[in-house]
Amino acid sequence: MRRVPLKPRADWRPGLRKYPYGVRAMSAGAGWREDVGYEFSASQIDLIESVADELHTMIGAAVRYVLENKLFAPLGIRGEAARMVEASWTDYWAAGRPNERAGSLAGRLTLAYDGRDSVKLLACNYDTSEGLFAASIVQRNWREAMAPDASQFNGLHEALVERWEELATGLPGRGRVHFTCATPDPAREGELVYLAATAAEAGLDTRLLPLHSIGWDGRRFLDDEGQAMAWLGKLFPWDGLAEDAFLQRLRVGGMSVLSPLWCWLWSNHGLLAVLSHLYPRHPNLCRAALDASVLGPCEAVTARALRGLDSAPQRLYERGAVILDDGPDVEAQGAVWLETPPGFQSDDVHAVLHAWIVADKCLGMAVRESTDPRVGPDSGMAPHLYRG
């Protein structure tokens, strides 16, 4: 893995015009940069893919462990929200086996990779799929225009279309899917345009509307035209709806949500501690615990709030001293402590990998980088390629 300077295009946006949805989705690529790129070997791509596939399977086992042992409270999920999550899981297993068409569209694993042989899971997000448009289409467009002789680990677009076809097959009422996010939010609205385009390519009727426009008539959810809603794709985290009337109405409202409520657990940062408990000393996991005293001595530690997905408050320690701190919100509703793994660093820039899971398989990746070691959701995304 090498970080290399590149000659960027004068403007990458016009290249998206060849896609029917390219202009409307363009705002979802706001973090894209192409003055640098990342080069991998084919064997490194194989390693990342195989590790991501294994981690995805382990995450599924950890979620099932949480549900079967009712470990909601340690993960900060309590009261009616916990009961709703459990009911959602029961529905998923209603026939005694999982309904694979009732799962998620895509999941994203954040990986620390040292550029050689150490790959460690930092976070997982199967709840909201920000970053898909840039990872899938903007990145592909760059390779086609600027490095046509190279390869790229990126089969995301085709996989998304196929996944929509699987999700919709044989399920009544799923001829139309509504997409929503809180507005105004140009980046997420652009992301919704892209997700709707992949669904439309699979033959589904799609409609976009603001989250605040979703109505309720006492029995059903209604869109902004007064039509009943049967299937909803959202770019709004479940933990932001936990105290909302939306969650209370979901059980009786007859509307399916992608991803289902039980998928909330797939994105809870406390799951890292569950994974560490179930798979101690696994080479691709960080040591993690819900109690700092259980973690034991570490050279570097990250404390992260259980809720908040990519924007969760964090506190970073090195040799016991705080080097970065997002304040008291880190521990306000519970936190996970994890041993901070070695990652890639070059020219004072830190980089992490986003490995994308579609239909239980890692089918693409992206590189995020920042001068901030937390490499948060506003960090830049740079293209990657490999040869051989």
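The values are calculated or read from the model by the stated rules, or taken from the named source; none is laboratory data. Everything numeric here is computed off the predicted structure, so don't read it as measured data. No Cβ is skipped: glycine too gets one built from the backbone with ideal geometry, and neighbour counts run over all protein chains shown. Heads up: the accessible areas ignore ligands, DNA and RNA and are worked out on the full protein's heavy atoms, side chains in. Shrake-Rupley method; radii C 1.70, N 1.55, O 1.52, S 1.80 Å.
Tell me the relative contact order for the chain as a rounded percent, counting alpha carbon contacts under 8 Å between residues six or more apart.
Values: 764 pairs, mean separation 96.7, N = 388.
25 percent.
Could you list the square roots of 5 times each eigenvalue of the Cα gyration tensor of region 44-179, that is, the equivalent ellipsoid semi-axes, sorted largest first and rounded to whole Å?
Ellipsoid semi-axes (Å, largest first): 31, 22, 13.
Across the options 340, 284, 354, the greatest Cα extent toward the positive end of the charge dipole of region 281-388 (unit charges at beta carbon of Lys, Arg, Asp, Glu) belongs to 284. Taking amide H as placed 1.01 Å from N in the peptide plane, residue 287 has its amide H under 5 Å from the amide H of 339, each at least 5 places away in sequence or on another chain. Rounded to the nearest 20, the Cβ-based charge dipole of region 248-352 about its Cα centre (Lys and Arg +1, Asp and Glu -1) stands at 620 debye.
In plain terms, the C-alpha convex hull of region 156-274 casts an average shadow of 8.3 nm² when viewed from every direction. From most to least packed by mean Cβ count within 10 Å, the peptides 208-220, 132-144 give 132-144, 208-220. Spacing of the modelled spin labels on residue 80 and residue 149, each 7 Å from Cα toward Cβ, amounts to 6.3 nm.
If the only charges are +1 at each Lys and Arg Cβ and -1 at each Asp and Glu Cβ, what is the size of the charge dipole of region 221-292 around the Cα centre, to the nearest 20 debye?
460
What you get for the chain, charging only the Cβ of Lys and Arg (+1) and of Asp and Glu (-1), is a dipole of about 440 debye around the Cα centre.
Can you tell me what percent of all Cα-Cα pairs in the chain are more than 35 Å apart? Percentage above 35 Å: 24.
Here the relative contact order of region 5-81, from alpha carbon pairs under 8 Å that lie six or more residues apart, stands at 28 percent. Once you reduce region 37-97 and region 309-388 to the center of their Cα atoms, the two points are 19 Å from each other.
Using the per-residue mean of other Cβ atoms lying within 10 Å as a proxy for protection, in what order, highest first, do the peptides 6-15, 111-120, 155-164 fall? Spell out each step's value before the answer.
On the way: 6-15: 12.8, 111-120: 18.4, 155-164: 20.6.
Going from most to least packed, we get 155-164, 111-120, 6-15.
Amide H contacts for residue 179 (H built 1.01 Å from N in the peptide plane; partners 5 or more residues away or on another chain; cut-off under 5 Å): 207, 208, 209, 233.
Note on region 1-83: Cα Rg divided by 2.2 N^0.38 Å, N the number of residues, gives 1.78.
When nucleic acids and ligands are ignored and a 1.4 Å probe is applied, residue 153 ends up with an accessible area of around 20 Å².
For the pairs 234/361; 70/234; 7/361; 7/234, flag any whose C-alpha to C-alpha distance is greater than 28 Å. List each step's numbers first, then the result.
On the way: 234/361 22 Å; 70/234 26 Å; 7/361 33 Å; 7/234 36 Å.
Cα-Cα > 28 Å for 7/361; 7/234; rest within.
For region 155-163, the Karplus equation 6.51 cos²θ - 1.76 cosθ + 1.60, evaluated at θ = phi - 60°, returns couplings of x, 5, 4, 4, 5, 5, 4, 4, 5 Hz by residue, with Gly and Pro reported as x.
Along region 47-54 the Karplus relation, 6.51 cos²θ - 1.76 cosθ + 1.60 evaluated at θ = phi - 60°, assigns HN-Hα couplings of 4, 4, 4, 5, 5, 4, 4, 5 Hz to successive residues, with x for each Gly and Pro.
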